[in-house]
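Asks: Structure provided below as structure tokens; questions to follow.
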Amino acid sequence: MPRHIPIMPPLPSEIGDRAFCQRILPLVSRTFAACIRLLPPPLDHQVLIAYLLCRIADTIEDTAELPVADKEMLLALFAHALDDPSTDLHPLTAAFATPRIADELLTREAHATLAEFAALGPAAGAAIRPWVQEMCHGMARFARIHSAAHPERLVSLNSVEELDQYCYFVAGTVGHLLTELFRLHS
């Protein structure tokens, strides 16, 4: 469950993108923050950035107040930004202009995580990019499918097969991403 922002952490403009990413991680996941610290450099930073990218996509999908069309547009924008660092992130920033929880602050400040992603280099980028993009496309697909049936409310998945597909998009892609990063460092 996302935690409310206890005290507003310093923003990237105040401390830099890397420091922001390091400080926001334990606010959006205690478990991953504890585990990532155990990884050797530079794998630790690569996994941290990969996790934050996935967290941003998940926050877009999970924000109940966002209309489905906005979720689809923001997930597509975010997926595109992984290919093109010059992507205008204003729609994403505007959608999370007043963050209530740390996940929303991370999403509003997505430019910091994307800048750190771009700085990882081509090999790490190639290990991360396709899986986060696949996650974004899958999340958008599920949002669209379920909103068409009942646009006024959240709808549960209809079958074990749907659950399997959804789990792949939100977790299986992470497994592929981590496998690729670990392969680079083995």
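The values are calculated or read from the model by the stated rules, or taken from the named source; none is laboratory data. Source: prediction; values computed, not measured. Methodologically, a virtual Cβ is constructed for each residue, glycine included, from the backbone with ideal geometry; neighbour enumeration extends over all protein chains shown. When the accessible area is computed, the model is the full protein with side chains, heavy atoms only, and any ligands, DNA or RNA have been set aside. Shrake-Rupley method; radii C 1.70, N 1.55, O 1.52, S 1.80 Å.
Asks: Of the residues LEU74, LEU39, which single one is aliphatic (A, V, I, L, M) and more than 25 Å from GLY121 (Cβ to Cβ)?
Replies: It is LEU74.
Asks: Restricting to helices (runs of 4 or more DSSP H) lying wholly in the range 24-92: which have 3 or more residues that are closer than 19 Å to GLY138 by Cβ and modelled with pLDDT of 95 or more?
Replies: 43-62, 68-81
Asks: Report whether or not PHE96 is within 23 Å of ARG144 (Cα to Cα) and touching a Cys at 6+ places or on another chain (Cβ under 8 Å).
Replies: So PHE96 does not fit the description; no.
Asks: It is to be established whether one or more residues within the range 52-65 are over 21 Å from GLY172 (Cβ atoms) and of a type outside the set (Ser, Thr, Tyr).
Replies: Yes, some residue in the range 52-65 is over 21 Å from GLY172 (Cβ atoms) and of a type outside the set (Ser, Thr, Tyr).
Asks: From the list ARG144, ARG100, pick out the single residue that is modelled with pLDDT under 95, surrounded by fewer than 17 Cβ atoms within 10 Å (Cβ to Cβ) and touching a helix residue (DSSP H, G or I) at 6+ places or on another chain (Cβ under 7 Å).
Replies: None of the others qualify; the one that does is ARG144.
Asks: Identify, by number, the condition in (1) open to solvent by 20 Å² or more (accessible area, probe 1.4 Å); (2) in contact with an Asp or Glu (Cβ under 6 Å, 6 or more places away or on another chain) that THR59 doesn't meet.
Replies: Looking at each condition in turn, THR59 falls short on (1).
Asks: Restricting the first residue to the range 88-102 and requiring it to be closer than 15 Å to GLU65 by Cβ, which pairs with a second residue that is open to solvent by less than 40 Å² (accessible area, probe 1.4 Å) and part of a loop (DSSP other than H, G, I, E, B) meet a Cβ separation below 7 Å and a spacing of at least six or different chains?
Replies: Cβ pairs passing all conditions: ALA95/LEU66; PRO99/ILE5; ILE101/ILE5.
Asks: Please tell me if GLU72 is open to solvent by 30 Å² or more (accessible area, probe 1.4 Å) and either within 16 Å of the chain's Cα centre (by Cα) or on the phi > 0 side of the Ramachandran plot (or both).
Replies: Answer is yes for this residue.
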